[in-house]
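For reference, the structure discussed in these notes is given below.
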Amino acid sequence: MKKQITTLGFMVISLSATAQMGNKSETDTIRIQTIEDVNLHKTGNPNKAKPLSTKSNLTVMEIPQPIAIVTHEVIEQQQAKQLSDVIKNVNGLYLTSARGGSQDSFGGRGFTFGNDNIFKNGARVNSGVFPEVSGLERVEVLKGANAMLYGNVGPGGIINLITKKPKFDFGGMVGFSTGSWNSYKPTVDIYGPLSKNIAFRVNGTYEYAESFRDHVESKKNYFNPSFVFNLSENTQLIVEGDYLYHTFTPDFGIGSIVDEATGISRLATEVNRKQFFGTNWQYQTNQQATTDVVLNHKINNKWALNAVASYQNYTKDYFSTERVQWTYNSSVNNSNPTWSRPLGRNYTEQNYTSMQINLNGEFNTGRLNHKVLFGTDGDYGVADTYAYKIDSNTPVVLSLNNPSTWTNEGPMPNTSRTSRNRINTARYGFYAQDLISITKEFKVLAGLRWSSIQNDDTKVKNFLTNEEKPTPNSGTKETAFSPKVGLIYNPNENISVFATYTNSFVPNTGFDESGAALKASTVDQYEVGIKKNLWNNALAVNLTAYQINNRDTYTVPNLPNGAVVLYRVYAGNIRSRGVELDITGNPMSNLSLIGGISYNNAVYTKTPNNGFVEDQRLVRTPAFTTNASAFYTFTDFVKGLKIGASLFYTGDRKAGWNDVKGQKQVTRMIDINGFTTVDFSLGYEWKKFVLQGKVGNLFDVVNYNVHENYSVNPITPRNYYFTLTYKL
């Protein structure tokens, strides 16, 4: 059997097989596509990969930017249950808290990640979900500013979820997982050929899980079919769809205690971490359906075309008790904090269509070699948010010092829709990039993007009067150029030293105190780094230092009830500085290592007289994060036995809000200590069976993820998880 692998653009797509049968020779050329990167999976070294997220045919060593890749091998051996478990392996990124613990929320380099930072197969997706990780081939993270490739994305980086794709050899697996708090999860993943030029893959799961938190549970369904069509020797079409249905209990945690006299807050840590203060009927249901159509065409040995069309429908149906915030007043000797439990109800829907075309090529001009990327992308989205009137919304008063008031009982009130806000958004852009090899060692990467984004005025429909009208000055239209310039020194294929500058813009929604639409914030990023391969190219050690200046930012002011929520005040600039060290790879064939440490200092600068205190670290941004993971497979003694351990550290953080100049209270912030969790794993593989077990948070550390000062969610205590897999 003779095999030859070639590449088209940035994807491994062809395999030729020649079989000798007696005196007959039969040559059969099979055109395949696989999202798996051969070098990456062989070595575990991300520096040897060609990430799909860069839209180019460049390796990581040719890109003046830190890139992290978490493969499906890592996801499976760590028995990751949700995306936050995967992202823990990416140095410099950290888990933040969403309102009511309603989604996976992340931050990086001092900035929170939103809808403009999360992608699936290169297309934007709504971030308001807990993505299913069993269908992922890998997760790619481009750290820092990425406006040249993706337009108006947040400055912290982007997360690109790469889903599993069809294969032309039959295979797959069926599995069953179970663990603490009555959780269980059957999974299936089957792939294979339907004909000489058509292959399929189907994976899916159902998951049920209760929680260490009383009355909290989750149910999830996921289905992901995909097909590949080799239309000709040089042309390939991939069609994929996935559907996620997830219903769960919103949980605002234990809350914080606020002294109304001083404004000082602290976490309500005297409450048992399992205590739930909501009702037994509250719920949130998310549905996300996406489809992608990918066309790959090899023009010749130097040029390749890639086109991607994507559609997404996202809905969120939410009805729950709201922010847990115990209050008392020390000035009147009131030492019994109480909380009037409110209710909230909303429904949101987003329909989103996008398209991108990328042309990669290589040519010479004299002694200079050029690797170029030309591309265009555009998207159009319609986002609807529905408001409701809640009948009999009389808040229940709970007393922190009187557990008999902590009732979860009560009927679900009736609700009726009152209004709908609709925002139409259109984006498009053109970009070009050239990696110029001046000599074999010295290279320059230069790129430029022109972007346009328009948010139409918010249209408000009143269901009581059946009238619809726009909100004046709520829309924005921005155009901008986003350059990127990088210098690269490659003395050999195992080391790369780089320096880079990028500029981008971040649109702001709403209007200022004069009623004018807000101008966009601009972002400048400066970065230097070194990438080094060790142990015969099997281990990557990458070191990066950066500074990000986010100019002209705005924030939501403290407004009285009923005030217009689109009103914003000028907040000044944000400066983020940091250093990141990443270590990834397989120094031995049976040893897998992932490690890293990061430092970040993100502060407000040049704030107005009534603005935030300058040089004060931004809330929810830890100064230090650390991750370390090692897995070893025995090849002698007990062959097939695998042991592993993972350590994750999140440093001290501030919750609440940053302090404002001239405020009366001592501080608006809440100190949260750093914490370290350790997971221990043990597995055994015998023939086609794999049995795995994991103890999460081995030392039962107690800590919290906090959204502002009211959604205080304890981290998961010590837990156990087991998975049995049969490989087809």
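A compact table of results
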| item | result |
| --- | --- |
| Extreme residue, farthest from ASN272 (Cα to Cα), among residues of the stretch 174-222 that are in a strand (DSSP E or B) and basic (Lys, Arg) | ARG201 |
| Residue satisfying all of: in the stretch 231-254; charged (D, E, K, R) and assigned to a loop (DSSP other than H, G, I, E, B); modelled with the highest pLDDT among these | ASP251 |
| ASN627 being touching a Gly at 6+ places or on another chain (Cβ under 8 Å), modelled with pLDDT under 95 and over 26 Å from ASN272 (Cα atoms) | no |
| Evaluation of GLY447 against (1) more than 30 Å from ALA268 (Cβ to Cβ); (2) surrounded by fewer than 16 Cβ atoms within 10 Å (Cβ to Cβ) (one fails), failing number | (2) |
| Lone qualifier among TYR721, TYR710 - being under 21 Å from THR178 (Cβ atoms) and either in contact with a Pro (Cβ under 6 Å, 6 or more places away or on another chain) or buried (at least 19 other Cβ atoms within 10 Å of the Cβ) (or both) | TYR721 |
| Some residue of the stretch 674-696 being at pLDDT 95 or above, closer than 21 Å to ARG617 by Cβ and part of a strand (DSSP E or B) | yes |
| Test: residue in the stretch 338-353 that is hydroxyl-bearing (Ser, Thr, Tyr), part of a loop (DSSP other than H, G, I, E, B) and in contact with a strand residue (DSSP E or B) (Cβ under 7 Å, 6 or more places away or on another chain) | no |
| Hey, GLN350 surrounded by 15 or more Cβ atoms within 10 Å (Cβ to Cβ), under 30 Å from TYR283 (Cα atoms) and modelled with pLDDT under 95 or not | no |
| Tabulated pairs, the stretch 686-704, first more than 30 Å from GLY674 (Cα to Cα), second buried (at least 17 other Cβ atoms within 10 Å of the Cβ) and of a type in the set (Val, Ile, Thr), C-beta under 6 angstrom, 6+ apart or interchain | VAL690/THR725 |
| Strands (runs of 3 or more DSSP E) completely within the stretch 68-125 that count 1 or more residues being over 25 Å from GLN284 (Cα atoms) | 93-96, 105-108 |
| Considering residues of the stretch 40-59 that are modelled with pLDDT of 85 or more and among the hydroxyl-bearing types (Ser, Thr, Tyr) only, the residue nearest to ASN586 (Cα to Cα) | THR59 |
| Of all residues in the stretch 112-140 being β-branched (Val, Ile, Thr), out of contact with any helix residue (DSSP H, G or I) (no Cβ under 7 Å at 6 or more places or on another chain) and within 14 Å of ILE87 (Cβ to Cβ), the one that is surrounded by the most Cβ atoms within 10 Å (Cβ to Cβ) | ILE118 |
| For ILE670: the one exception among (1) of a type outside the set (D, E, K, R); (2) in contact with a Lys or Arg (Cβ under 7 Å, 6 or more places away or on another chain); (3) surrounded by 15 or more Cβ atoms within 10 Å (Cβ to Cβ); (4) part of a loop (DSSP other than H, G, I, E, B) | (4) |
| Residue among PRO166, PRO131 that alone is under 25 Å from VAL90 (Cβ atoms), outside any strand (DSSP E or B) and in contact (Cβ under 8 Å) with a residue 12 or more places away in the chain | PRO131 |
| Candidates ASN334, ASN364 - the one that is without any contact (Cβ under 8 Å) to a residue 12 or more places away in the chain and closer than 30 Å to ILE264 by Cα | ASN334 |
| All strands (runs of 3 or more DSSP E) inside the stretch 435-505 with 3 or more residues being polar (S, T, N, Q) | 442-455, 476-492 |
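The values are calculated or read from the model by the stated rules, or taken from the named source; none is laboratory data. Keep in mind the model is a prediction, meaning the values are calculated, not measured. A quick note on method: Cβ atoms are made from the backbone with ideal geometry, for glycine too, and the neighbour counts reach across all protein chains shown.
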